[in-house]
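This report concerns only the one structure given below.
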Amino acid sequence: MSGHDPSSASPPAAIVFVYGTLKRGGSNHAHLAGQLFLGEARTVAGFTLYSLGEYPGLVADEADKTGVTGELWAVDAACLERLDILEGVSEGLYSRDPARLAPPHENLTPAAQLYRYLGATGGRTHLGSTWNE
């Protein structure tokens, strides 16, 4: 069976906030095929993006006043597993953490999650709030 039939779908395994290559039009967006786009969103202040070359890394930054822009996707368990592999969670490249989102998305159920970059950002280009591929 191909495609995604929302009428027979179980509740999403997760809501994921994406901010880089997974966004609509991004080079890795195909990994979200068959999942449900919920809309655009922004993190609360305290997060920023750095360029890691072909993709961005989101990190906590106490000096940030604007947050990071992105998209919310409801994903099933199989997709979440694929995203964890893509993001290198088991290798320690990123961790999947609770997303602290600005209104009107601050109280989603299930709570949104995001991929936070775990590496060093020294010498990396600071991007601010938005990644444009």
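The values are calculated or read from the model by the stated rules, or taken from the named source; none is laboratory data. Not measured: the values here are computed from a predicted model. Methodologically, a virtual Cβ is constructed for each residue, glycine included, from the backbone with ideal geometry; neighbour enumeration extends over all protein chains shown.
For segment 103-129, give me each residue that is closer than 18 Å to LYS23 by Cα and either crowded, with 18+ Cβ neighbours inside 10 Å or at pLDDT 95 or above (or both). Of everything in segment 103-129, those that are closer than 18 Å to LYS23 by Cα and either crowded, with 18+ Cβ neighbours inside 10 Å or at pLDDT 95 or above (or both) turn out to be HIS105, ALA112, GLN113, LEU114, TYR115, ARG116, TYR117, LEU127, SER129.
Is there a residue being in contact with a strand residue (DSSP E or B) (Cβ under 9 Å, 6 or more places away or on another chain), touching a residue at least 60 places away in the same chain (Cβ under 8 Å) and loosely packed, with under 13 Cβ neighbours inside 10 Å anywhere in segment 83-99? No, the conditions are met nowhere in segment 83-99.
Please find, among THR130, THR125, the residue that is polar (S, T, N, Q) and more than 16 Å from the chain's Cα centre (by Cα).
Details: THR130 fails: more than 16 Å from the chain's Cα centre (by Cα).
It is THR125.
In the condition set (1) under 11 Å from ARG42 (Cβ atoms); (2) free of Cβ contacts under 8 Å to residues at least 60 places away in the same chain, ARG116 is compliant with all but (1). Could you tell me whether segment 41-58 includes any residue that is surrounded by fewer than 19 Cβ atoms within 10 Å (Cβ to Cβ), assigned to a strand (DSSP E or B) and at pLDDT 95 or above? There is at least one residue in segment 41-58 that is surrounded by fewer than 19 Cβ atoms within 10 Å (Cβ to Cβ), assigned to a strand (DSSP E or B) and at pLDDT 95 or above.
Scanning for something in a loop (DSSP other than H, G, I, E, B), among the polar types (S, T, N, Q) and modelled with pLDDT of 95 or more, does segment 85-100 turn up at least one residue? Step through it out loud before you land on a result.
Let us first name the residues in segment 85-100 that are in a loop (DSSP other than H, G, I, E, B), namely 87-93, 99-100.
Remaining after also requiring among the polar types (S, T, N, Q): 90.
Right, trim to modelled with pLDDT of 95 or more and you get 90.
The answer is yes; a qualifying residue exists.
Among the residues making up segment 70-84, those that are assigned to a helix (DSSP H, G or I) and not small (Gly, Ala, Ser) are CYS79, LEU80, GLU81, ARG82, LEU83, ASP84.
Within segment 83-111, restricting attention to residues that are charged (D, E, K, R) and within 13 Å of the chain's Cα centre (by Cα), the residue that is farthest from ASP64 (Cα to Cα) is ASP84.
Evaluating SER27 against the criteria (1) part of a loop (DSSP other than H, G, I, E, B); (2) touching a Pro at 6+ places or on another chain (Cβ under 7 Å); (3) of a type in the set (S, T, N, Q) leaves one unmet condition, (2).
Filter segment 59-69 down to residues that are outside any strand (DSSP E or B) and exposed (fewer than 14 other Cβ atoms within 10 Å of the Cβ), then give me how many there are. The number of residues fulfilling the criteria is 3.
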